[in-house]
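These notes concern the structure reproduced below.
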Amino acid sequence: MDRCSGFAGLVPFGALWLLGFASIMVPRAQGWSKEGHIMTCRIAQALLEPEAGEAVENLLPHYVKGDLSALCVWPDQIRHWYRYRWTSSLHFIDTPDNACSFDYSRDCHDPHGLEDMCVAGAIQNFTSQLSHYREGTSDRRYNMTEALLFLSHFMGDIHQPMHVGFTTDEGGNTVNLRWFRHKSNLHHVWDREILLTALADYYNKDLDLLLQDIEGNFTDGIWSDDVSSWRHCDDLASCINKYAVESIDIACKWGYKGVDPGETLADDYFNSRMPILMKRIAQGGVRLAMILNRVLGDSEEGFATPT
């Protein structure tokens, strides 16, 4: 059995899902900020092969006009709704304090110990669900549109380093500090503060300009030699675990390191962490495109079946 199939049956899909999309238009920042998720999904959609791109457009509600990024924040918006409370633990992974490691069997569970209920398990589960689209199955257990949106969002979350953080401080959420002149916390710094500061200081708050720089860095810039390794994936479970390991490693070396509660983080922290954050957004987008091309495209290349 797919180790992530344990919560597939809990998915409360029904006829009201479209109302959920249409009724929420004001996002709340969870995971990457709204801007981070938008860029991850725009990067991915631009890299889709024709058949996968057509499938994504067909799965999206008509009112977003084929723009995946318009709904990439949706899983954050509905996570506290009664119908979707079960998804709350799927946005992150809590690891043992200061262990600076990720182990799926040890760490991928919700606060009640239910296995596979973490962002790594969610990515595998929704990828598996979405694979039924290309197979043409009539299996009505799965809502393919929701599977697409959850997968796209969670691929952003797993690349946000503080979403694979320490248990006691909730991934830095309880590490209160100041970001330049205002109050914040360590998790929020990585979710939003670094990105918004970069937009304000270097891009005149123009998200498109920032996105152009990120895309330039992996198409023919400083990360271009790394893109093939980002895309490489034979076994999906192993790849997802790798993404989580990368995040906890960055969280330890660049997120938590040298940070004390109550201190002020400013230029030194911002300038050294900004390139890391931008690279994680790029990796998330490239890897999301890789998965969508595999499960929705016309290629015969798939993922190894987990044992």
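Compute the Kirkwood hydrodynamic radius of the range 147-257, taking the inverse of the mean of 1/r over all pairs of distinct Cα atoms, and give it in Å to one decimal.
Computed over the range 147-257, the radius equals 15.8 Å.
I'd like the distance between the alpha-carbon centres of the range 186-214 and the range 50-119, rounded to an integer number of Å.
Distance between centres, Cα-based: 22 Å.
Which value results for Rg/Rh of the chain when Rg is the Cα radius of gyration and Rh the Kirkwood radius based on the inverse mean 1/r?
0.94
Sorting check: for 256-262, 206-212, 112-118, which peptide has the highest mean count of neighbouring beta carbons within 10 Å, and how do the rest follow?
112-118, 206-212, 256-262
With the dipole of the range 22-296 worked out from charges on the C-beta (+1 for Lys and Arg, -1 for Asp and Glu) around the Cα centre, which of Pro75, Phe270, His159 lies farthest toward the positive end?
Going by the Cα projections, it comes out as Pro75.
If the chain between Asp260 and His80 were fully stretched, how many nm would it gain, using 0.36 nm times the residue separation less the Cα-Cα distance?
61.8 nm
At a 10 angstrom cut-off on C-beta neighbours, averaged per residue, how do the peptides 224-233, 237-246, 158-167 rank from highest to lowest?
Highest to lowest by the protection proxy: 158-167, 237-246, 224-233.
Could I have the simple spin-label model distance between Glu54 and Leu114, label points 7 Å from Cα toward Cβ, reported in nm to one decimal?
Here the modelled spin labels are 3.8 nm apart.
Determine by what factor the alpha-carbon radius of gyration of the range 184-240 differs from 2.2 N^0.38 Å, reporting the quotient.
My calculation over the Cα atoms of the range 184-240 gives 1.48.
Given 0.36 nm per residue, what is the gain on full extension from Ser88 to Asp234 after removing their alpha carbon distance, in nm?
49.7 nm
What do you get for the angle between helix 267-296 and the principal long axis of the chain? Use alpha-carbon atoms, 0 to 90 degrees, nearest ten.
Relative to the chain, helix 267-296 is tipped by roughly 10 degrees.
Report, for the range 22-296, the % of DSSP beta bridges that are antiparallel, rounded to 5.
The antiparallel fraction comes to roughly 50 percent.
Given Cβ point charges of +1 (Lys, Arg) and -1 (Asp, Glu) and nothing else, what value in debye, to the nearest 20, does the dipole of the chain about its Cα centre take?
About 860 debye.
For the pair Lys253 and Thr167, what calculated FRET efficiency results from E = 1/(1 + (r/R0)^6), where r is the Cβ-Cβ distance and R0 = 22 Å, to the nearest 0.05?
Result of the calculation: an efficiency of 0.75.
Computed from the coordinates by the stated procedures, all read-outs in this text should not be read as laboratory data. Everything quoted here is computed from the prediction, not taken from an experiment. All Cβ positions, even for glycine, are placed from backbone atoms using ideal geometry, and neighbour counts span all protein chains on display.
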